[in-house]
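**Student:** Once you've had a glance at the structure underneath, I'll fire off some questions.
The values are calculated or read from the model by the stated rules, or taken from the named source; none is laboratory data. Quick caveat, the model's predicted, so the values are computed rather than measured. Cβ sites come from the backbone with ideal geometry, for glycine too, and all protein chains shown count toward neighbours.
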């Protein structure tokens, strides 16, 4: 059983309570804030401008010289495996399409590769930008380092975690690369539905990864992180699914990878306020 929910006494508290109950809303909050707040958006654009230009030029060159080759390989693959994949040149699971599916599949494949090239050129600057927008978002709420308090268990009977290492591994950088760029690459280029299937498998890892700064700020141990995520696993799955879908969009996914960090910071802020409330209810000192 979890701790009692807070009783909102103002419109802002009511909104925070709604967002806590529906974490995908934080993804939209992140997009909105990065789009409308110049203090967040302008430094990100300046930091990533040169890397983006280099990356997009290399990516477009790669697409120009390899698109025809990849389209031919995909055509060959579809002709040999249409019964397994449900794809053919002009149909999707037997339903006729008004265009050649090999062209669309090749576009998805090349788009994913261009995204990878952009990420390569921007990885360092985007990492810096993500940390900056996290810090700025928390500061915009009037909070500093002292806002983060030691972990407080909110459930009377927390779930038992037998293998916390696997959950933590999935949220790590190396695991995210292996899962996103290697294991799920064939799924991602599957027309229309591939991006959603891929996001489903990445959801929990993406959600917990986006909250790594939160866990570090609170000084949480690995078992505490594992329990915290397990208690909110469907919230993390929902948030991570929406975040992963946006991040996997070709080219503009870079923008969403930054906005997702803003949304994650807003969620962390509201989660921490709840931690403070539970600590007071339990008579614990917030040192």
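**Student:** From (1) within 24 Å of residue 267 (Cα to Cα); (2) at pLDDT below 80; (3) in a helix (DSSP H, G or I), pick out the condition that doesn't hold for residue 146.
**Tutor:** Status for residue 146: all satisfied but (2).
**Student:** Count, please, the residues in region 120-129 that happen to be in contact with a helix residue (DSSP H, G or I) (Cβ under 9 Å, 6 or more places away or on another chain) and surrounded by fewer than 20 Cβ atoms within 10 Å (Cβ to Cβ).
**Tutor:** The total comes to 5.
**Student:** So, one more: Might you let me know whether region 212-220 holds any residue that is within 30 Å of residue 41 (Cα to Cα) and under 10 Å from the mean Cα position of the chain (by Cα)?
**Tutor:** No: zero hits.
**Student:** Tell me which residues, restricted to region 102-139, are without any contact (Cβ under 8 Å) to a residue 40 or more places away in the chain and farther than 30 Å from residue 64 by Cα.
**Tutor:** Listed by number, the residues that qualify are 135, 139.
**Student:** Of all residues in region 269-283, which are assigned to a helix (DSSP H, G or I) and touching a residue at least 60 places away in the same chain (Cβ under 8 Å)?
**Tutor:** 269, 270, 271, 272, 273, 274, 275, 276, 277, 278, 279, 281
**Student:** Out of the residues in region 191-236 meeting the condition of being out of contact with any helix residue (DSSP H, G or I) (no Cβ under 7 Å at 6 or more places or on another chain), more than 18 Å from residue 152 (Cβ to Cβ) and in a loop (DSSP other than H, G, I, E, B), tell me which one is modelled with the highest pLDDT.
**Tutor:** Checked region 191-236; the qualifying residue modelled with the highest pLDDT is 193.
**Student:** Looking only at region 248-268, filter to residues that are buried (at least 22 other Cβ atoms within 10 Å of the Cβ) and over 19 Å from residue 36 (Cα atoms); which one of those is nearest to the chain's Cα centre (by Cα)?
**Tutor:** Applying the filter and picking the extreme gives 248.
**Student:** Report whether or not residue 133 is within 29 Å of residue 262 (Cα to Cα), at pLDDT 95 or above and buried (at least 17 other Cβ atoms within 10 Å of the Cβ).
**Tutor:** Answer is yes for this residue.
**Student:** How many residues are in contact (Cβ under 8 Å) with a residue 40 or more places away in the chain and surrounded by fewer than 15 Cβ atoms within 10 Å (Cβ to Cβ) if we restrict to region 36-49?
**Tutor:** Selection size over region 36-49: 1.
**Student:** Filter region 4-18 down to residues that are part of a helix (DSSP H, G or I) and surrounded by fewer than 18 Cβ atoms within 10 Å (Cβ to Cβ) and give me whichever is modelled with the lowest pLDDT.
**Tutor:** In this case the residue turns out to be 11.
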